[in-house]
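Down below is the structure, laid out as structure tokens.
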Amino acid sequence: HAELAESVVKDFIDIIADLGLENVVKRNKTKHIFTVNGNTIRFLGIDKAQKRRGSKRDIAYINEANGTTLDDFVQIKIRTAEAIFIDYNPSEYFWINDQILEKENKDDNRHILIKSTYKDNYDFLTYAQIKDIESLIEIDDYYYQVYVLGNLAVMKGAIYTRQMYIEPEVYNVLDYDEIYYGLDFGY
């Protein structure tokens, strides 16, 4: 719960204050539950399986979704009635690339990708933050591609560049004709 309190819950409380809704939105501080107009907003960490599998919801929002597994997403998806919103930084080895973006039927509007960058957040960033983000081009092209341009990028120096991460809960390695093992220490 500490990570929630220091990140998305704090942001949510700041938004409530900015909108002048402190007297309208009721808050349960210990459980990170907010109620307004008969609606409940609950912030949950998914560090334990029962949190992913337990509660039903109308709308889910997954912050930093590239820190979740495909199984986490599936468990949340089958318990969500209306819509799921996820945010993430582009990552070459993130399940969304294979499971949703590449399989997307172009006539199916069930999934909508909104590519945004720090420029879409100008109003909420300080001048110093903007300069720090823009200076990433001087540090590393990978950071620049991902955090400035919002592009998918591969880190420099990777030895293996065409691998696929296989989640044991989803894929059975015995289903593959050839299996290769490798190790990349990163230097």
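What follows draws every value from the coordinates through simple rules; no lab data is involved. Given the structure is predicted, the values throughout are model-derived calculations rather than measurements. Neighbour counts run over all protein chains shown; Cβ positions are idealised from the backbone, glycine included.
What to note about this one:
- Taking other residues whose beta carbon is less than 11 angstrom from the beta carbon of LEU125, and scoring Lys, Arg as +1 and Asp, Glu as -1, yields -2.
- Calculated from backbone phi, Karplus (6.51, -1.76, 1.60) coupling profile of the range 21-26 in Hz, x at Gly/Pro: 9, 4, 7, 9, 8, 8
- Given R0 = 45 Å, the distance between the Cβ atoms of LYS31 and ASP141 translates into a calculated FRET efficiency of 0.55.
- Pairs exceeding 23 Å between alpha-carbon atoms, taken from LYS26/LYS77; LYS31/LYS56; LYS77/LYS119: LYS26/LYS77; LYS77/LYS119.
- Once the C-beta distance of THR80 and ASP177 is scaled by a Förster radius of 35 Å, the resulting FRET efficiency is 0.45 to the nearest 0.05.
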